[in-house]
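Right, one structure below, let's go through it.
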Amino acid sequence: EATCITEMSVLMACWKQNDFNDAPCAEEIRMFYNCMAKAEKEHKNQNEDTLSPRGNLPSSKVNELLRRFPQITRYV
């Protein structure tokens, strides 16, 4: 899933309007970096619920997956 596309587009448009000079685009650069930092933090938090270094899932993730994909209780 792509993140910060809007901020990146605004930054590139600013650079194009200002002959790729960073000074007039300081606010756009700051907004883009803030967006990227937020996205990286969310991605890191999301990855905490995935495999551990040993390859095991935490119990909360196992329970969530079992609720989403319950076992077949009868044969058709």
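Heavy atoms of the protein chains alone define the surface here; on that basis the range 5-68 has 84 Å² accessible area per residue at 1.4 Å probe size. For the range 15-30, the Karplus equation 6.51 cos²θ - 1.76 cosθ + 1.60, evaluated at θ = phi - 60°, returns couplings of 4, 5, 5, 10, 6, 6, 9, 6, 4, x, 10, 4, 5, 5, 5, 4 Hz by residue, with Gly and Pro reported as x. Label separation (GLU40 vs ALA2): 2.1 nm, computed from points 7 Å beyond Cα along the C-beta direction. Principal axis analysis of the Cα atoms in the range 5-68 yields extents of 54, 24, 14 Å, listed in decreasing size.
The values are calculated or read from the model by the stated rules, or taken from the named source; none is laboratory data. Source: prediction; values computed, not measured. Here the Cβ is made from the backbone with ideal geometry for all residues, glycine too, and neighbour counts use every protein chain on show. To get the accessible areas, we keep the full protein, side chains included, count just its heavy atoms, and leave off ligands, DNA and RNA. Shrake-Rupley method; radii C 1.70, N 1.55, O 1.52, S 1.80 Å.
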